[in-house]
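The values are calculated or read from the model by the stated rules, or taken from the named source; none is laboratory data. Predicted, not measured: the structure shown is a model, and the values here were computed from it. Note that we place each Cβ from the backbone using ideal geometry, even for glycine, and neighbour counts take in every protein chain shown.
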Amino acid sequence: MSDCPARTALEVIANKWSVVTLYALKDGPKRHSELVALSGGISRKVLTQTLRRLQSNGLIDRHRYAEVPPRVEYSLTPLGRTLQEPISMLTEWAQTHGEALVDFQESAAGTQTR
């Protein structure tokens, strides 16, 4: 199973911030500060690491504009855009079943403390 394509894909996007960042870029290019605000809780350092990892895997582009002050925007590559449908499906699943997950987690936590 070491050469399983799903394993490779999961290694790229398994980090929660990767999926959040890819989802935040679905509507077009964003600046670093916009991505921090949209991501809800990510630190600037972790976002920078996430953006670099996604860029090194060909999922996002980084465009630096020759302006003063410098402006940098991030956008999805064609390959990154191919993840929008699976991410949307996962988001829909979470919206439909998220409450059931929380209920189960709370129930399991209560069982463990007895």
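Here are the numbers for this structure:
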{"read-out": "Residue in the stretch 46-66 that is under 15 Å from residue 22 (Cβ atoms), touching a Ser or Thr at 6+ places or on another chain (Cβ under 8 Å) and assigned to a strand (DSSP E or B) present", "value": "yes"}
{"read-out": "Scan of the stretch 11-50 for residues that are at pLDDT below 90, under 17 Å from residue 87 (Cα atoms) and over 12 Å from the mean Cα position of the chain (by Cα), ordered by number", "value": "11"}
{"read-out": "Tabulated pairs, the stretch 45-69, first among the charged types (D, E, K, R), second surrounded by fewer than 12 Cβ atoms within 10 Å (Cβ to Cβ), C-beta under 7 angstrom, 6+ apart or interchain", "value": "64/70"}
